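The values are calculated or read from the model by the stated rules, or taken from the named source; none is laboratory data. Because the structure is a prediction, the values reported are computed rather than measured. Because the Cβ atoms are built from the backbone with ideal geometry, glycine has one as well, and the counts that use them run over all protein chains shown. Protein only, heavy atoms only, side chains kept; ligands, DNA and RNA dropped before computing areas. Shrake-Rupley method; radii C 1.70, N 1.55, O 1.52, S 1.80 Å.
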Amino acid sequence: MIDTREAAEKCAELSGALWAVRDRLERLAYCVEVQRALVETGRATWVARAAQEVELALEQVRGTELGRAVDTVPAATVLGLDPQASLSQIAALAPAPWDDLLAEHRSALLEVTRDLTESAAANRDLLAAGAQAVEDVLARFSGPAPAGTYGPSGARRTDATSRLFDQST
């Protein structure tokens, strides 16, 4: 039998941790958007600083996520669930109003995570295109870069030993 009062208490603690995670994820999303704006507008002098801000925000998300994981175990346990239960499982058994609030947290977290994934992918594409453009400009002044190949991940690799012709003789 579920102790409704204790369950409500543990769900409130979990909700507080989820608010903190959401706040940190929104901060990370802001940092990623700033980074993208700097890259798109060609403000290269600030891109490194923006990357540092993204890394700091990521560290904060990791720390906050650890706190959320710690608060999830008591909430799941008091509801008779496995300590590794998902947020949707906890929300399904949580007493009102925590059931709706935890479900809302889950929806909001899924949305911000999806948006972050899309923004991060767009940033990677922009940064890769920018790096290629820099290589192209430098090649105009210093001659072409050594021939490159592609590695298993699809990233370009420069292999000083690969040549079109044997230059050893």
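For region 38-54, the set of residues classified as outside any helix (DSSP H, G or I) and not hydroxyl-bearing (S, T, Y) consists of G42, R43, listed by residue number.
Can you tell me which of A128, A57, A91, A69 is in contact with a His (Cβ under 9 Å, 6 or more places away or on another chain), open to solvent by less than 70 Å² (accessible area, probe 1.4 Å), of a type outside the set (S, T, Y) and assigned to a helix (DSSP H, G or I)?
Numbers: A128 fails: in contact with a His (Cβ under 9 Å, 6 or more places away or on another chain); A57 fails: in contact with a His (Cβ under 9 Å, 6 or more places away or on another chain); A69 fails: in contact with a His (Cβ under 9 Å, 6 or more places away or on another chain).
Selected residue: A91, the only one of A128, A57, A91, A69 that is in contact with a His (Cβ under 9 Å, 6 or more places away or on another chain), open to solvent by less than 70 Å² (accessible area, probe 1.4 Å), of a type outside the set (S, T, Y) and assigned to a helix (DSSP H, G or I).
Examine region 111-118 for a residue that is at pLDDT 95 or above and under 19 Å from V73 (Cα atoms), and state whether such a residue exists. No.
Check T45, T117 and return the single one that is without any contact (Cβ under 8 Å) to a residue 40 or more places away in the chain, over 23 Å from the mean Cα position of the chain (by Cα) and open to solvent by 50 Å² or more (accessible area, probe 1.4 Å). Even if it seems obvious, please write down each step before you answer.
Working: T117 fails: over 23 Å from the mean Cα position of the chain (by Cα).
Only one candidate passes the filter, namely T45.
All of (1) surrounded by 17 or more Cβ atoms within 10 Å (Cβ to Cβ); (2) more than 17 Å from the chain's Cα centre (by Cα) hold for N123 with one exception: (2). The set of residues in region 72-88 being open to solvent by 50 Å² or more (accessible area, probe 1.4 Å), of a type outside the set (S, T, N, Q) and in a loop (DSSP other than H, G, I, E, B) consists of G80, D82, P83.
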